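The values are calculated or read from the model by the stated rules, or taken from the named source; none is laboratory data. Keep in mind that what you see is a predicted model, and the values were worked out from it rather than measured. Cβ coordinates were reconstructed from backbone atoms using ideal geometry, including for glycine residues, and neighbour counts include every protein chain displayed.
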Amino acid sequence: MTDTSFETDRRTLLRGAAAGAALLAPAAAQAASDGDMAGIRKAIASQHDANVKRLQDWIALPTIAAEKRNVEEGCAHMMQLAKDAGFQHVERVPTDGVPGVFATMDNGAKKTLGLYFMYDVKQFDPKEWSSPPLEGRIVDKPGFGKALVGRGAANQKGPESAVLAALHAFKAAGRKPPVNFVLVCEGEEEIGSPHFPQIVRRPDVSAALQKTVGVVIPSSWQSVTDGGVVINLGAKGVIELELISSGETWDYGPRHDLHSSNKSLVGSPAWHLVEALASLVTPDGNTPAIDGWMEKVAPLTARQKALIADSAAKRDPAAELKGMEVKRFYGDTPWPQALERAAAMPTVNIEGIIGGYTGPGGKTIIPSKVTAKLDFRLVPDQTMDDCVAKLKAHLQKRGFGDIVVNVSGGYDPTQTDENSPLIKAEMAAYQRAGIKTSVYPRLTGSWPGYIFTSAPVSKPAGQFGFGASGGQHAPDEYFVIEPSNPKVLGYDGAVSGFADFFFQIAATA
């Protein structure tokens, strides 16, 4: 059994923080003082092992959209998780790709909170992991504490499981949550959510979401150094695609791998692709150079720059470098300017290049086909459709019109007003917990929040949660269960934080 003594102490600290923040959220503070949260915390502690086991079982069943792995099994498991947590209506939503899940929980409350879950994960190679990626083992992680290691532990099953555990705690405590819930889930986020609009824009799903105060994607991003949290007022959009250079489409290249002695007579699809890739960025590889790419990029406002300066002052750049396992920021850019660039700059990234011979020794051939996998991060006011059109036009203009552009997924960037009730509730919940908080214009990564902030739903959307995790998309992905730093909440604390957040939504949103 996992030792929960730390979380008991931390819960005591949380109760003290709540009492000191009564003026911020009087209704939520009253809920905590009249015994509601005390009973829920007791239930959370008693259900700790069951909650961790639920997460481990979920990790053991990976849905990988890119591999079409466990598509139906993952959907069915997500549906059962929702039913077990108390959702009265749980429905499989078919799409032209991987199915999604739509669920509702009516608690007779005045307000409704939207929840976004993804049940798919990235691919993994077990040989790269120090702990089996599907076992969810709890290991000692120096500098962090005890952490559960597994694919999806951080992105996103760990934080999502904390929300489910909070709902289980309400049931065990004999309490109804203080808000109603609308849950939408997908199994294709890791390939750019190509069919998620088919779920959200179904009339009944859209109508249910329009009744919410906003939509939250669970997160667990506390700094392991000081426990601080960043509230992002949006996220970058993303495009995922392949560029394929082949003798099938380029007259100068071979249709089949050819002996390299012919190189003086025959073009190389590999070099052709390398030249095309080099044209997409400046010589340093760090700024997009696609024709017209920056035309619709909205400059940072004075308020956004002020938020970034405040965030820079509250965040430790050394800790951020350590978290990324990087020694220096590219170009040795000073910290405040680095954060400005991270928020304002769209990106062009090569995920991988496939082609030719990569086995032992050499093989003197001219490869007939080479593929590059890329992702593009977009900022307001760029759109996916406009950027794909500009990429194709750029390649055509520079003599690379033969290169096939195969778009697999993506979506537009998203923004939420810092004065929206959802963001105010997030800020109040963090302050009640005594957590240092800063506000940042947008997440440098991506999630399909645009589908909620744009018509017809048109609601605030953002990330929220407690606890610490890391290694997203990488080997040894982890979620901290028992932190070594008392400023960071462990698993039980993260669960308790979501329960408290529900009261906060009921009180302020």
The correct count of residues that are surrounded by 19 or more Cβ atoms within 10 Å (Cβ to Cβ) and either of a type in the set (D, E, K, R) or over 11 Å from Pro177 (Cβ atoms) (or both) in region 94-110 is 8
Answer from Thr282, Thr225 - the residue that is within 22 Å of Ile350 (Cβ to Cβ) and hydroxyl-bearing (Ser, Thr, Tyr): Thr282
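Consider Met324 carefully, then state whether it is free of Cβ contacts under 8 Å to residues at least 60 places away in the same chain and closer than 26 Å to Ile435 by Cβ.
Numbers: free of Cβ contacts under 8 Å to residues at least 60 places away in the same chain: yes; closer than 26 Å to Ile435 by Cβ: yes.
So Met324 passes the test.
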Those residues of region 358-386 that are touching a helix residue (DSSP H, G or I) at 6+ places or on another chain (Cβ under 7 Å) and outside any loop (DSSP other than H, G, I, E, B) come to a total of 7
Looking only at region 266-285, filter to residues that are in a helix (DSSP H, G or I) and touching a residue at least 60 places away in the same chain (Cβ under 8 Å); which one of those is surrounded by the most Cβ atoms within 10 Å (Cβ to Cβ)? Pro269
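Here's the yes/no breakdown for (1) buried (at least 24 other Cβ atoms within 10 Å of the Cβ); (2) of a type in the set (S, T, N, Q); (3) outside any loop (DSSP other than H, G, I, E, B):
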position: Ser446; (1), (2), (3): yes, yes, no
position: Ile451; (1), (2), (3): yes, no, yes
position: Lys459; (1), (2), (3): no, no, no
position: Ser469; (1), (2), (3): yes, yes, yes
position: Val480; (1), (2), (3): yes, no, yes
position: Asn485; (1), (2), (3): no, yes, no
position: Val488; (1), (2), (3): yes, no, no
position: Val495; (1), (2), (3): yes, no, yes
position: Phe502; (1), (2), (3): yes, no, yes
I need every pair where a residue in region 95-115 that is within 22 Å of Ser458 (Cβ to Cβ) and assigned by TED's automatic domain parsing to the domain that holds Phe170 has its Cβ under 8 Å from the Cβ of a residue that is basic (Lys, Arg) and in a loop (DSSP other than H, G, I, E, B), sequence separation at least 6 or different chains. Phe102/Arg202; Ala109/Lys176; Thr112/Lys211; Gly114/Lys459
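Here is a check on your reading of the model: is Met345 under 25 Å from Trp293 (Cβ atoms), buried (at least 19 other Cβ atoms within 10 Å of the Cβ) and not basic (Lys, Arg)?
Working: under 25 Å from Trp293 (Cβ atoms): yes; buried (at least 19 other Cβ atoms within 10 Å of the Cβ): no; not basic (Lys, Arg): yes.
For Met345, the condition - under 25 Å from Trp293 (Cβ atoms), buried (at least 19 other Cβ atoms within 10 Å of the Cβ) and not basic (Lys, Arg) - is not met.
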Count, please, the residues in region 319-357 that happen to be on the phi > 0 side of the Ramachandran plot, at pLDDT 95 or above and part of a loop (DSSP other than H, G, I, E, B). 1
Scan of region 195-226 for residues that are part of a loop (DSSP other than H, G, I, E, B), under 23 Å from the mean Cα position of the chain (by Cα), surrounded by fewer than 22 Cβ atoms within 10 Å (Cβ to Cβ) and modelled with pLDDT of 95 or more, ordered by number: His195, Arg201, Val213
Residue satisfying all of: in region 431-444; in contact with a helix residue (DSSP H, G or I) (Cβ under 8 Å, 6 or more places away or on another chain) and closer than 21 Å to Asn155 by Cα; surrounded by the fewest Cβ atoms within 10 Å (Cβ to Cβ) among these: Thr444
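Please note which strands (runs of 3 or more DSSP E) are completely contained in region 64-161 and include at least 2 residues that are β-branched (Val, Ile, Thr).
89-93, 100-105, 137-141
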Can you go through Phe400, Phe329 and tell me which one is within 30 Å of Leu258 (Cβ to Cβ) and either surrounded by 12 or more Cβ atoms within 10 Å (Cβ to Cβ) or within 25 Å of the chain's Cα centre (by Cα) (or both)? Phe400
Check on Glu248, among the acidic types (Asp, Glu) and crowded, with 20+ Cβ neighbours inside 10 Å: no
Looking at (1) surrounded by 14 or more Cβ atoms within 10 Å (Cβ to Cβ); (2) farther than 19 Å from Thr282 by Cα, find the lone condition where Ile354 falls short. (1)
Expected output for region 66-86 (first residue in contact (Cβ under 8 Å) with a residue 24 or more places away in the chain, partner outside any helix (DSSP H, G or I) and of a type in the set (S, T, N, Q), Cβ below 7 Å, 6+ apart or cross-chain) is Ala66/Gln123; Glu67/Gln123; Val71/Thr63; Gly74/Thr63
With Leu422, Leu395 as the choices, which residue is buried (at least 19 other Cβ atoms within 10 Å of the Cβ), farther than 30 Å from Ser223 by Cα, touching a residue at least 40 places away in the same chain (Cβ under 8 Å) and in contact with a Gly (Cβ under 7 Å, 6 or more places away or on another chain)? Leu395
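Name the one entry in Ala50, Ala60, Ala27, Ala31 that is surrounded by fewer than 18 Cβ atoms within 10 Å (Cβ to Cβ), modelled with pLDDT under 95 and either assigned by TED's automatic domain parsing to the domain that holds Pro178 or in contact with a Phe, Trp or Tyr (Cβ under 9 Å, 6 or more places away or on another chain) (or both).
Values: Ala50 fails: modelled with pLDDT under 95; Ala60 fails: modelled with pLDDT under 95; Ala31 fails: surrounded by fewer than 18 Cβ atoms within 10 Å (Cβ to Cβ).
Matching residue, one of Ala50, Ala60, Ala27, Ala31: Ala27.
With respect to Ala344, determine if the residue is touching a residue at least 40 places away in the same chain (Cβ under 8 Å), under 30 Å from Asn406 (Cα atoms) and out of contact with any strand residue (DSSP E or B) (no Cβ under 8 Å at 6 or more places or on another chain).
Values: touching a residue at least 40 places away in the same chain (Cβ under 8 Å): yes; under 30 Å from Asn406 (Cα atoms): yes; out of contact with any strand residue (DSSP E or B) (no Cβ under 8 Å at 6 or more places or on another chain): yes.
When the stated conditions are applied, Ala344 passes them.
Condition check ((1) among the charged types (D, E, K, R); (2) loosely packed, with under 13 Cβ neighbours inside 10 Å; (3) out of contact with any strand residue (DSSP E or B) (no Cβ under 8 Å at 6 or more places or on another chain)) across all residues:
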position: Asp291; (1), (2), (3): yes, no, yes
position: Glu295; (1), (2), (3): yes, yes, yes
position: Ala298; (1), (2), (3): no, no, yes
position: Thr301; (1), (2), (3): no, yes, yes
position: Ala306; (1), (2), (3): no, yes, yes
position: Ala312; (1), (2), (3): no, no, yes
position: Glu320; (1), (2), (3): yes, no, yes
position: Glu325; (1), (2), (3): yes, yes, yes
